[in-house]
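In what follows, a structure is listed as structure tokens, so that the remarks can point back to it.
The values are calculated or read from the model by the stated rules, or taken from the named source; none is laboratory data. Here the structure is a predicted model, which means the values were calculated and not measured. FYI the Cβ positions are ideal-geometry reconstructions off the backbone, even for glycines, and counts take in every protein chain you see. Remember, those area values only see protein heavy atoms, side chains included, never the ligands or the DNA or RNA. Shrake-Rupley method; radii C 1.70, N 1.55, O 1.52, S 1.80 Å.
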Amino acid sequence: MIKAAYIHIPFCEHICHYCDFNKVFLKGQPVDQYLDALEQEMKLTVEQYGNMPLSTIFVGGGTPTALSVSQLERLCAMIKKHLAMEEEVEYTFEANPGEITAEKLQTLYNGGVNRLSFGVQSFHNELLEKIGRTHKAEDVFRSIEDAKKVGFTNISVDLIYSLPGQTIENFKDTLTTAFTLDIEHFSGYSLIIEPKTVFYNLRRKGKLPVPGEDAEAAMYALLMEEMAKNGYKQYEISNFAKPGFESKHNLTYWNNKEYFGFGAGAHGYVSGKRVSNFGPLKKYMEPLAQKRLPVIEEHPVTKVEMMEEELFLGLRKNAGVNLTLFGQKYNQEVLELFHAEIEELMKRELIVINDRFLQLTDKGRFLGNEVFQSFIGTLSEGK
């Protein structure tokens, strides 16, 4: 049963230098027609798969809060109309500090949204400018204060480390400042330089001075240490929460569960298939005008792929992979299937087995991608 939905709003008032998500400049775009198409996609999907009450909805982008107040009202109304929700649903909107007004916050709150995720990245104004962000550190305080006044009690902030020109000292300053916000959740990611971004082009020209692997590892160690000191429990490689405020939506992905993906360029996992929508707005909207779903690609996930995904996604969580549940789900034993890989990784002290849970060690968290890669493509489909 599908309990989660991701909804993509691809519009931005400004494009950040590191962003490779499906997005377009807001100005001059057919936003209302896009919302028409999005509503049609919801209708068609519910008709095809049924209207299962969702436990988590995440509206991301782009910048969902770049929409006008009336467009946000409409978006919230259509979500409420077409998607059934559990009483305790976690309903998140991504927001940009500085751009989000008190009126928009009130609109979201009135529309049933109960969690906000702010893209803060840093509290150093020089760094924010370097990475193409338009907000300033002071905007973060104002936006979060406004959100609390409206009634939001579940707020998350994204931070990025290993930024061009960033030092360990100024990342520590960012963390110290972040903890004064008194919020419920943090995500902390190292900068990944993706193709088709401003940063990628700068790096190719030798004009992007990034801190390097040792500094990046030191910043990650600092992130984990400071989060623990300040009462935020690490529950996944990059995510930290006060007790009870872990992101239900992200746990859907890491627990390898199915979810709907709505919107241009959105991905879903439905009825055993990984599905992708058209990214360009026109290509996304055209099939929906003909009452057809805008799927560009469908990939039926084999049993072997499911088992591999269960391992590398589950290992992202601090709790790790429940070996007993894995055996019940796939009628296969992890320790038999991946005997050689697990033995080698344990020898290197990157993973450990604790009370029937396979987990990354502290050392393994720093080399997570290497660990995950060990479980990909090692099984034959005959398993």
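Observations on the model:
- Any hit, the stretch 102-110, residues being of a type in the set (Ser, Thr, Tyr), modelled with pLDDT of 95 or more and open to solvent by 30 Å² or more (accessible area, probe 1.4 Å): yes
- Whether a residue is of a type in the set (S, T, N, Q) and either surrounded by fewer than 20 Cβ atoms within 10 Å (Cβ to Cβ) or assigned to a loop (DSSP other than H, G, I, E, B) (or both) was assessed, and Thr252 does not pass this test.
- Any hit, the stretch 83-100, residues being β-branched (Val, Ile, Thr), free of Cβ contacts under 8 Å to residues at least 60 places away in the same chain and either touching a strand residue (DSSP E or B) at 6+ places or on another chain (Cβ under 7 Å) or buried (at least 22 other Cβ atoms within 10 Å of the Cβ) (or both): yes
- Counting only helices (runs of 4 or more DSSP H) that sit completely within the stretch 94-156, those holding 1 or more residues that are farther than 15 Å from Val69 by Cα correspond to 125-130, 137-150.
- Qualifying residue in the stretch 348-362 (condition: part of a helix (DSSP H, G or I) and of a type in the set (Phe, Trp, Tyr)): no
- Taking the stretch 275-307 as the range and being in contact with a helix residue (DSSP H, G or I) (Cβ under 9 Å, 6 or more places away or on another chain) and under 19 Å from Tyr253 (Cβ atoms) as the test, the residues that pass are Asn277, His299, Val301, Met306, Met307.
- As a summary of the residue check, Ser276 satisfies the conditions (1) crowded, with 16+ Cβ neighbours inside 10 Å; (2) in contact with a strand residue (DSSP E or B) (Cβ under 9 Å, 6 or more places away or on another chain); (3) assigned to a helix (DSSP H, G or I) except for the one numbered (3).
- If only residues of the stretch 320-370 that are β-branched (Val, Ile, Thr) and in contact with a Phe, Trp or Tyr (Cβ under 8 Å, 6 or more places away or on another chain) are counted, the one that is nearest to Thr302 (Cα to Cα) is Val334.
- Yes/no for Leu128 being free of Cβ contacts under 8 Å to residues at least 24 places away in the same chain, of a type outside the set (S, T, N, Q) and buried (at least 17 other Cβ atoms within 10 Å of the Cβ): yes
- Where a residue in the stretch 226-238 is at positive phi and its partner, wherever it lies, is among the basic types (Lys, Arg), with Cβ under 7 Å and at least six apart: Gly231/Lys242
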